[in-house]
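Everything on this sheet refers to the single structure shown next.
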Amino acid sequence: QVQLVETGGGLVQPGGSLRVSCAHSGGGFSKYNIGWFRQAPGKEREFVAAISWYGKPIYGDPVKDRFTVSRDNAKNVAHLQMSSLKPEDTAVYYCAADSVRFGAAVKYDYWGQGTQLTVSS
């Protein structure tokens, strides 16, 4: 069974940077597409970024040019590097994995529990 655990959230000032990580267990990480989503209070879940099993990244419009998604298959971990953070980035960030589907609006098979990012002065 695939398990995903997000870590690295916290409180950051506007303009700051933070990296959140997604640790994968259960085997087969190198063949999973990884998605990042976020959900703020009172808002719908929003696509943030994704990276295919072969390393192709895609980004949602609100985070383009500010966030970078990456993966380290040797360590079974994916990262989301967030820079130039804005208060509107405040949300719970979730990673997700799917061995077949890949995209911005995909029903991923596996989800982590989320990690909170708060961007505030």
Item to complete: Would you work out which of 33, 93, 105 lies farthest towards the positive end of the dipole of the chain, given +1 charges on the beta-carbon of Lys and Arg and -1 on that of Asp and Glu, about the Cα centre?
Response: 33
Worksheet item: What does the charge count near residue 78 come to, summing +1 for each Lys or Arg and -1 for each Asp or Glu among other residues with Cβ under 9 Å from its Cβ?
Response: 0
Worksheet entry | Per-bin percent of Cα-Cα distances, region 30-101 [5 Å] | 4, 17, 28, 24, 16, 8, 3, 0
Discussion item. How large a share of the accessible area of the chain, in percent, is made up of carbon and sulfur atoms when the probe is 1.4 Å and the other protein chains stay in place?
Written reply: 49
Worksheet, complete the sentence: Among 43/75; 31/86; 75/107; 56/107; 31/75, the pairs whose Cα-Cα distance exceeds 22 Å are 43/75; 31/86; 75/107
Item to complete: List the relative contact order of region 45-121 as a percent without decimals, with contacts defined as Cα pairs under 8 Å and 6+ residues apart.
Response: 27
Practice prompt. Enumerate the whole-percent occupancy of each 5 Å bin, from 0 to the last occupied one, for all C-alpha pair distances of the chain.
Written response: 2, 13, 25, 26, 19, 10, 4, 1, 0
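Quick check: residue separation of residue 104 and residue 17 times 0.36 nm, minus the Cα distance between them. What number comes out in nm?
Using 0.36 nm per residue and subtracting the Cα-Cα distance, I get 29.0 nm.
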Response to the item:
So, with points 7 Å from each Cα along the Cβ direction, the residue 86-residue 3 label distance in nm works out to 3.7
Fill in: Estimated dipole of region 1-113 in Debye, rounded to 20 [Cβ of Lys and Arg +1, of Asp and Glu -1, Cα centre]
180
Worksheet entry | Net charge contributed by nearby residues that have their C-beta within less than 13 Å of residue 52 (K/R +1, D/E -1) | +3
Practice prompt. Sort out for me the Cα centre separation of region 66-100 from region 1-46, rounded to whole Å.
Written response: 5
Discussion item. Checking the cross-link filter: which aspartates and glutamates have an alpha carbon closer than 17 Å to that of residue 64, excluding same-chain neighbours under 8 positions apart?
Written reply: 46, 88, 89
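The values are calculated or read from the model by the stated rules, or taken from the named source; none is laboratory data. Predicted model only: the values in this text are computed from it and were never measured. Ideal geometry is used to build each Cβ from the backbone, glycine not excepted, and the neighbour counts take in all protein chains shown. Ligands, DNA and RNA are excluded from the accessible area calculation, which covers all protein heavy atoms including side chains. Shrake-Rupley method; radii C 1.70, N 1.55, O 1.52, S 1.80 Å.
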